[in-house]
1. List the number of the failed condition for B:F372; all other conditions in (1) surrounded by fewer than 23 Cβ atoms within 10 Å (Cβ to Cβ); (2) in a helix (DSSP H, G or I) hold.
2. Consider A:R10 against the criteria (1) more than 25 Å from B:Y174 (Cα to Cα); (2) assigned to a loop (DSSP other than H, G, I, E, B); (3) more than 14 Å from every other protein chain (Cβ to nearest Cβ): it satisfies all of them except one. Which criterion is unmet?
3. Of (1) in contact with a Phe, Trp or Tyr (Cβ under 7 Å, 6 or more places away or on another chain); (2) under 16 Å from B:H67 (Cα atoms); (3) among the hydroxyl-bearing types (S, T, Y), B:S31 satisfies all except one. Which?
4. Which of the residues spanning region B:68-113 are within 21 Å of B:R148 (Cβ to Cβ) and of a type in the set (S, T, N, Q)?
5. Filter region B:223-247 down to the residues that are touching a Leu at 6+ places or on another chain (Cβ under 7 Å) and under 19 Å from B:I193 (Cα atoms) and list them by number.
6. Considering only region B:325-349, state which residues are outside any helix (DSSP H, G or I) and among the charged types (D, E, K, R).
7. Suppose the filter is under 30 Å from B:M134 (Cβ atoms) and within 14 Å of chain B (Cβ to nearest Cβ); does A:D128 pass it?
Amino acid sequence: MKSKFLTLKRPAGTRVEVVEAGKGRDLVFLHGAGGHLQDDPFLAALATKYRVVAPLLPGYGRSTGEDGLRDMLDVALHALDVLERLKLRSPIVVGHSMGGMIAAEMAAIAHTEIAKLCLVAPAGLWRDDQPVVDIFSKLPFELPGLLFHDAEKGQRLMTAGRGNMEDPEFLKQFLVMNARRLGMAGKLLFPIPDRGLSERLHRITAKTLIVWGAEDALIPATYGAAFRSAISKSRLVKVPKAGHAVGQEKPEAVLKAIRDFF
Amino acid sequence: MKFTWFHLMPWPHMPDDFRQKHRSVWVDLPSKMYEPELGHIAYHQYLDQLEYAERVGFDGIGVNEHHANAYGLMPSPNIMAATLTRRTSKAALVVLGNSIALYNPPVRVAEEMAMLDVLSGGRLVAGFPVGTSMDTNYAYGTVPALTREKYAEAHDLIRKAWAADEPFAFNGRYTKLRYVNCWPKPVQNPPPIFIPGGGSVETYDFCIDNTYSYSYLSYSGYLRAKLLMEGYWKRIEERKVDPSPYRAGFAQVICVADTDAEAERLYGPHVNYFYNRCLHVYPGFADAPGYRTVKTIQTGALSQFTQAAARDYPNMTWKDLVDGRYIVAGSPETVRQQMEELIKTLRVGNVFCLLHVGNMPDDKVRHSTRLFAEKVMPHLRNLWPEYDNHDDRFWIHPMHEPVPTRIAAE
């Protein structure tokens, strides 16, 4: 996978890292609150069949300019600006978790521009009887069990190539990275990941695939039905034995669902 | 030197197995633990103690703001300060402070603090904390990464509201008001302003730019505070402003008894209660991602509650706490020596004395307070003679002839 960079006029100082891999039809991937994994297995699987273009949100990786993005509208318009600059041909827009929330907002705002949408365990809705877990108060060691059905596998994927948590210098870098990433994510997800998307989902006209890990412990799979009923041309696929990071945990199954649907 | 007797007002009835049964003293501990009728007793005892502190000669009496917790029971410090305006007449009312990013609109703070200053005849010290992450983010829902921008805007609005003589429009990002018109206005305009900080350079500069006093509130004592305060004084030097010690304050847990051994016997259990129950904060609530700036994290400074979570308080003995100077405890002479060292090494003109500790009963609070006031404080008064022991910029300016308050029966 290779990175290229886009510079945007607004917000000032915005530079977007875009990871690219694979050949085929264009597919845009918008990551979740955790960013990309090292050698992300989901991106790798998608790249076997598609030309994957994965911009990183400011605050993530080498993308900058997060101070100028404060709310959902800022982020949705930023993402549409990035999409425009990428000059893709009728891409499938795939978003995971927070990225799914952003992709859904983009498709609701610019419904004439986004025709193919894939929401992988998207955030953005809230049900009092099935509350989404508060990721912001979780400690790092709790995350693999929350994000993966197979917590041990998740642990391996999440720590791969990331150094040693006992090393104070590494720990400081980790805290800075975490503060940047989740600090940015908090503008969309804290304290409750609802910025009014339910009022706008009806505007989505894209053909929409919704994918959920059947064992999602962060955003329960019941949210899938809510997205399914609110978006007219949509289908819901549940992947067994998979958690919230369904794309990383069962990349082949999610790839197959995308291939079958589009 | 200015000594402020500071009350945290903790819930004093947490059970012995609190640490085992609950992950946090803040944010998600069940409120069924709170018993209102016991709360009634605690509030009045605590307010009596603050009034007592004025009587024995403290320069200030202090309250603060916290939410959803058993560590400190003052969601509204202004209500507590309001009761004190009627029952005290000399002491500064140090409200440290109102978490200004939480008020909607923040003009509410300008109004209530003006009320307190008018009620007290110009005795308000106004504190503007960002608030802990537990309070500001988890209990009150402010988006962590936007907290500081919201704080800065609220600060500007409050200062303008106090300063303006005519209504004005305020078009902020977080607050939009067509008519800002602060009634009443404070007697002191503005009151002295204290900023609690935790080691970020941005906060040093904010205090220097606005002539505010920087207050470091820590429970790990003056030895560990030295590095942070040196950073502040270095910044003062770099910015070429005068190094008045009244530009800084420090909070310290203090226990005074007739002898060192007596101090351990009298206060040991209550100090243990404070460090092991009141400071038992779940690390996931101590520092929401985005709450502190990247620059501050890079300096390596941790919030006091992150520090508390990282320290091994359950296994620390009285001796560990005393020898490590987490607490200043012992005979009047021991306390005098250590307080002198604290004041000189940190270069502070303000000390926030925490003489009520954890679940300390009223008689012990008064005993420790009286010994400090009579046998320690007089010997510490003259530590900054070159400033004539006062800096007009950082202390209250009461009215010359306030109206005496009368009780209804008179």
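1. Condition (1) is where B:F372 drops out.
2. Every condition holds for A:R10 apart from (1).
3. (1)
4. Matches in region B:68-113: B:N98, B:S99, B:N104.
5. B:M229
6. Within region B:325-349, the subset outside any helix (DSSP H, G or I) is B:325-331, B:347-349.
Result: B:R325, B:R347.
7. On the way: under 30 Å from B:M134 (Cβ atoms): yes; within 14 Å of chain B (Cβ to nearest Cβ): no.
So A:D128 does not fit the description; no.
Okay, residues lined up against (1) buried (at least 22 other Cβ atoms within 10 Å of the Cβ); (2) among the aliphatic types (A, V, I, L, M); (3) touching a strand residue (DSSP E or B) at 6+ places or on another chain (Cβ under 8 Å); (4) modelled with pLDDT of 95 or more:
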position	(1), (2), (3), (4)
B:D156	no, no, no, yes
B:R159	no, no, no, yes
B:A163	no, yes, no, yes
B:F170	no, no, yes, yes
B:K176	no, no, yes, yes
B:C182	no, no, no, yes
B:N189	no, no, no, no
B:P192	yes, no, yes, yes
B:G197	yes, no, yes, no
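The values are calculated or read from the model by the stated rules, or taken from the named source; none is laboratory data. A quick note: this is a predicted structure, and the numbers were derived from the prediction, not measured. Cβ: placed from backbone, ideal geometry, glycine included. Neighbour counts: every protein chain shown.
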